[in-house]
Amino acid sequence: MTDMRTAFIDTTTALLDEDPRTALVLADISASQFASAGHRHPDRVLNVGIREQLMIGVAGGLALTGLRPIAHSYATFLVDRAYEQIKLDLDHQGVGAVLVSIGASYDGSAEGRTHQSPGDVALFDSLGDGWTVRVPGHPDEVAPLLRNAATSDDPVYLRLSEQRNAEAYPDATGLRVLRRGLTNAPLVVAVGPMLDPTLAATEGMDVTVAYTHTPRPLDTPGLRALANTDVVLVEPYLAGTSSALVSRALADVPHRLLALGVGQTDLRRYGDPADHARWHGLDADGLRRSISAFLGSVGG
Amino acid sequence: MTTTLPTDSSARLPGLIRRLTGDEKHAPSAHSTVDVLQVLYDRVLRVTPDTADDPERNRFLLSKGHGPAAYYAVLAAHGFIPDAWLDDLAGTESRLGHHPDRLLVPGVEIGSGSLGHGLGLAVGTALGLRAQGLLNPRVYVLLGDAELDEGSNHEAIAYAGATSLDSLTAVVVDNSSASHGWAGGIASRFTVNGWTADTVDGRNHEALYAALTGGRPRHPHLVVARIESKG
């Protein structure tokens, strides 16, 4: 079965063949997988070497001439390292690009902190509200989201992961209800690959579970329609990244919010992603403990 | 393709620059660029207010966004912006700030100010033009010698040379303001990466013109314009 990275490579290769506006900028990561596309389109497949600042600067320049650049690397190099280039070479110039990352949060568990970027979505939030952030939960969601991004000129961040759900929901740009609780049931919002552990964690609980692969812009009308008093966020990046948006959306409604996600602390441990999910309380057992405690705490 | 006949803005520039009174902090850097800008806009660049959005225009990117008084004055002298805009630099309603914003100022190709961004954008612009078969426009980018301290420039210098990006001309105005200098010279950083380079008197318009119109096929080109020390 194909993974998200392969879906990205296949779709981008097709876009380069189909649309002369598409250009790809790489910083060595995934360069070999685009070798044949590069032979066909040497002027639009650009590997700048291990130079991430230049990768985003080049993307900005390409966009200034009317092309639609796609830039790609590990999240920590693409976003964290080149943050000021994203801010100035794209946003401040008034141009967009499609930034496609791999290595989400603790996918690179064995590589350690240097290859991890749980704060990437929060960094886009710091740039204002212009960025669309896509966090697919299944490889089959990648192609439609990437094709949609390629047709616009807007800034889009596509955050790919090795973690995945069993089912794809390509239409879940807004909150899509996958399990509906009884009247006034608590709302649990799962983003991207957090869906399956969330469904497992809430099995047998009277909650409504809604899924989205698009945390920015967050579907706040959907949130208002579905939310009752208790809201739980389950995000695959820094815990609390969407708390401010939820609080703003529900500012005039009495509510309680539990925001789950990756912890702030560098654990300085290796292991595999499942270990990190457990250590951050994001496996089904950990989620169930946190959600049960939160919901059970009503009225003491 | 539209071409621009050589003009001479010498008579108007001093008066226009004097109208920009709010930028004393960056005054030395403003005056450091005036000769290069004048030669570029008077004699080299094929771009006018009428062709400011033409895909075939030459691009000029001011990377060193500090002290843009001379830049604004040259844009006014060539009709890109009204002279009156010069009287309210960085005012509450002004479109002209201490660092230029491309979304506010006609004719400005990039917003700049944070150092080390223009050369990467220029490389991307040159690549984007080439990918669309636009082989006539040149891309000029102006930097300062101290700006070269930023490592991002060196990513762009190496890559532009390695890929023979011959539609690119970088101009480094050298007023010896880099804190640790450039042992071995500025040009060597570029030429070792495959650029051609001319180092000229940055106040000599004929020398600047010759250098700015120089270069060889399959090599990006550098002009080092040496001027008096910032002092």
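Table for the structure above
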| quantity | calculated |
| --- | --- |
| When residues of the stretch A:78-91 are limited to those that are surrounded by fewer than 21 Cβ atoms within 10 Å (Cβ to Cβ) and more than 15 Å from A:Leu26 (Cβ to Cβ), the one farthest from the other protein chains (Cβ to nearest Cβ) | A:Asp80 |
| Tally of residues being touching a residue at least 24 places away in the same chain (Cβ under 8 Å), surrounded by fewer than 14 Cβ atoms within 10 Å (Cβ to Cβ) and under 19 Å from A:Ser105 (Cβ atoms) across the stretch A:249-268 | 3 |
| Flag for B:Leu96 being buried (at least 24 other Cβ atoms within 10 Å of the Cβ), within 10 Å of another protein chain (Cβ to nearest Cβ) and at negative phi | no |
| Odd one out for B:Ala70 among (1) within 11 Å of chain A (Cβ to nearest Cβ); (2) under 25 Å from B:Leu222 (Cβ atoms) | (1) |
| Filter result for A:Ala122 (surrounded by fewer than 21 Cβ atoms within 10 Å (Cβ to Cβ), away from chain B (no Cβ under 14 Å), closer than 29 Å to A:Tyr270 by Cβ and at pLDDT 95 or above) | yes |
| Failed item, numbered, when A:Gly261 is tested on (1) outside any strand (DSSP E or B); (2) in contact with a Ser or Thr (Cβ under 7 Å, 6 or more places away or on another chain) | (1) |
| Cβ pairs under 9 Å, 6+ apart, first in the stretch A:63-77 and at the interface with chain B (Cβ under 10 Å from one of its Cβ atoms) and at negative phi, second assigned to a loop (DSSP other than H, G, I, E, B) and basic (Lys, Arg) | A:Leu64/B:Arg102; A:Leu67/A:Arg21; A:Leu67/A:Arg44 |
| Top-ranked residue in the stretch A:215-243 [being among the β-branched types (Val, Ile, Thr), outside any strand (DSSP E or B) and farther than 22 Å from A:Asp80 by Cβ; ranked as nearest to the chain's Cα centre (by Cα)] | A:Thr220 |
| Flag for A:Ala110 being surrounded by 24 or more Cβ atoms within 10 Å (Cβ to Cβ) and either at pLDDT 95 or above or facing chain B (nearest Cβ under 9 Å) (or both) | no |
| Single condition B:His180 does not satisfy, out of (1) closer than 21 Å to B:Gly116 by Cα; (2) surrounded by 14 or more Cβ atoms within 10 Å (Cβ to Cβ) | (2) |
| Number of positions in the stretch A:153-204 that are part of a loop (DSSP other than H, G, I, E, B), under 15 Å from A:Val231 (Cβ atoms) and touching a residue at least 60 places away in the same chain (Cβ under 8 Å) | 2 |
| Count of residues meeting criterion [under 19 Å from the mean Cα position of the chain (by Cα) and within 13 Å of chain B (Cβ to nearest Cβ)] in the stretch A:92-105 | 1 |
| Scope the stretch A:24-50; condition touching an Asp or Glu at 6+ places or on another chain (Cβ under 9 Å) and farther than 20 Å from A:Leu67 by Cα; matching residues | A:Gly49, A:Ile50 |
| Count - residues of the stretch A:1-60 that are in a loop (DSSP other than H, G, I, E, B), closer than 30 Å to B:Glu150 by Cβ, out of contact with any helix residue (DSSP H, G or I) (no Cβ under 6 Å at 6 or more places or on another chain) and more than 8 Å from chain B (Cβ to nearest Cβ) | 6 |
| Considering residues of the stretch B:65-81 that are assigned to a loop (DSSP other than H, G, I, E, B) and modelled with pLDDT under 95 only, the residue nearest to B:Ser152 (Cα to Cα) | B:Gly65 |
| Complete set of residues in the stretch B:124-159 that are more than 9 Å from chain A (Cβ to nearest Cβ) and either closer than 12 Å to B:Gly215 by Cβ or of a type in the set (Lys, Arg) (or both) | B:Arg138, B:Tyr140 |
| Selection count where residues are closer than 25 Å to B:His78 by Cβ, touching a residue at least 12 places away in the same chain (Cβ under 8 Å), out of contact with any strand residue (DSSP E or B) (no Cβ under 6 Å at 6 or more places or on another chain) and not hydrophobic (A, V, I, L, M, F, W, C), scope the stretch B:104-137 | 7 |
| Check on A:Val246, crowded, with 18+ Cβ neighbours inside 10 Å, in a strand (DSSP E or B) and more than 16 Å from the chain's Cα centre (by Cα) | no |
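The values are calculated or read from the model by the stated rules, or taken from the named source; none is laboratory data. Small disclaimer: the values here were computed from a predicted structure and weren't measured. As a convention, Cβ positions derive from the backbone with ideal geometry for all residues, glycine included, and neighbour counts pool all protein chains shown.
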